[in-house]
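Working notes, beginning with the structure itself.
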Amino acid sequence: MKPKRKTLKNTNRKAAAVSFFLFGAIALATVVALEFLDYRSGKYSFIFSKVIRLQQKMPASEKFNRELTETLTGGKIPFDFFKDRDGVIHLKIDLPEPLYAPLNKDLRWLVEKYRGLYRLSEVQGMKEQIVYLVQVIFDKRLTHVILLSKRLAVQPRPAEMPAAPPARIRPPKTPRLAFIIDDIGYADLISDQLCELGIPLTAAIIPAAPYARSEAQKIHEYGLEEIIHLPMQSKDPANHHPRDQFVLIDSSDAEIQALLQNARATVPYAKGLNNHMGSLLTSNPEAMRRVLELIKSAGLFFVDSKTTLTTVAHALARELRIKTVMRDVFLDDEQTYEYSSGQIRSLVDLAKQNGRALAIGHPFPSTLAALRDAVLWLKKQKVAVVFASELLE
């Protein structure tokens, strides 16, 4: 009997030892796992920071920040920065005009290199500088806010300006060009940005947009021109065309008249309108004639936005003796600063060739930046920037 008891006692001891070992292993594994999770999330970890000293993978935002800092330092470009509570790095960079384009190109390239998102969120034009507010996003999180201040070159006095070569054939009048900015009313404070450009602009306001009424009032107060941006049915069936907002092929005269009345109540200072979308409607002679007759009876002028090559709207408006003009250039088929700048130059060439030219753009940051940077250049081109209503025929 005694040997049996001794065996049972030994078995219990082994079981206890195994249990203690398993418990210790589980506890140790749990501690290591928790330490590793802290380490991966960027928190302090005694095991992985002090004992094992793993090489932590550097986030893309930090790689971008390090390389951008090296670029600025190497180019001897002065900058300042701080990090806010949320870990967002705020950079302020001040540089002369000739250095802006190369640096901005490098900045975009660096963001793309590390698979981030470059977003120009705001542009402010001042007398001696233009300020660009850029947001940089990595892994769907805002990591950098960059304030780029471009100091404008001092313009020489009129006496110091190089004389332009005399033109062989001078047009009887100064060439005129106009800019219409479409889709006003979807965002607040766009009117402020248009006013800051300091040139005559025509704002096309969508009546059903949430900020249409307030933006229309401010545009009028700023002394800019406003027109109704009247939605019309397009050829694309995927586009949503609510009957209470769009002029459709089968809209009745009463429905069209109601749309015009509501639009004029929202944009009370408008003396004309242009079409928003409308590739289907403006290509249909019968439907467009009905619309134009109601526009004429309302005493409004009509701008053909030319959203399709098959438009008949401008020709019909002339036939009905409605004051009208047709768009020549779109500023932002491509939403880039470079494209819009090139389109502005094309517009000037057309104005000089034909005596007048009309451009339509949208309140994209790239479009507004291109316009702002073109203001001084336009003043040297011997053209007159006017409201769209001054191009009517």
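Only residues in region 277-302 that are in contact (Cβ under 8 Å) with a residue 40 or more places away in the chain count as the first member; pair them with residues that are in a loop (DSSP other than H, G, I, E, B) and of a type in the set (K, R), Cβ under 7 angstrom, at least 6 apart or cross-chain, and list the lot.
Within 7 Å, the pairs are S279/K235; L280/K235; L300/K271; F301/K271; F301/K323.
Does T324 meet the test of being closer than 23 Å to N275 by Cα and of a type in the set (V, I, T)? Walk me through it before giving the result.
On the way: closer than 23 Å to N275 by Cα: yes; of a type in the set (V, I, T): yes.
Yes: the conditions hold for T324.
Do we find that P200 is modelled with pLDDT under 90, under 30 Å from Q353 (Cα atoms) and surrounded by fewer than 22 Cβ atoms within 10 Å (Cβ to Cβ) in this structure?
Judged against the criteria, P200 is not a match.
Based on what the data block shows, is P231 under 18 Å from G185 (Cβ atoms), under 26 Å from the mean Cα position of the chain (by Cα) and assigned by TED's automatic domain parsing to the domain that holds I181?
Numbers: under 18 Å from G185 (Cβ atoms): yes; under 26 Å from the mean Cα position of the chain (by Cα): yes; assigned by TED's automatic domain parsing to the domain that holds I181: yes.
For P231, the condition - under 18 Å from G185 (Cβ atoms), under 26 Å from the mean Cα position of the chain (by Cα) and assigned by TED's automatic domain parsing to the domain that holds I181 - is met.
Quick one: would you say A263 is in contact with a strand residue (DSSP E or B) (Cβ under 6 Å, 6 or more places away or on another chain) and either assigned by TED's automatic domain parsing to the domain that holds A209 or part of a helix (DSSP H, G or I) (or both)?
Working: in contact with a strand residue (DSSP E or B) (Cβ under 6 Å, 6 or more places away or on another chain): yes; either assigned by TED's automatic domain parsing to the domain that holds A209 or part of a helix (DSSP H, G or I) (or both): yes.
Taking the combined requirement at face value, the residue satisfies it.
Being among the aliphatic types (A, V, I, L, M) and at pLDDT 95 or above is the filter here; which residues of region 147-189 pass it? Give the derivation first.
First, pick out the residues of region 147-189 that are among the aliphatic types (A, V, I, L, M): 147-148, 152-154, 159, 161, 163-164, 167, 169, 177-178, 180-181, 184, 187, 189.
Passing the criteria: L177, A178, I180, I181, I184.
Residues of region 270-285 being over 27 Å from the mean Cα position of the chain (by Cα) and under 30 Å from K218 (Cα atoms), which ones?
Scanning region 270-285 gives a single hit, K271.
Picking from P231, P210, P237, which residue would you name as being touching a Phe, Trp or Tyr at 6+ places or on another chain (Cβ under 8 Å) and either farther than 22 Å from A388 by Cβ or assigned to a loop (DSSP other than H, G, I, E, B) (or both)?
None of the other options fit; the residue is P210.
The values are calculated or read from the model by the stated rules, or taken from the named source; none is laboratory data. If you're wondering where the values come from, they're calculated on a predicted model, not measured in any experiment. For neighbour counting, all protein chains shown are included, and Cβ atoms are generated from backbone atoms with ideal geometry for every residue, glycine included.
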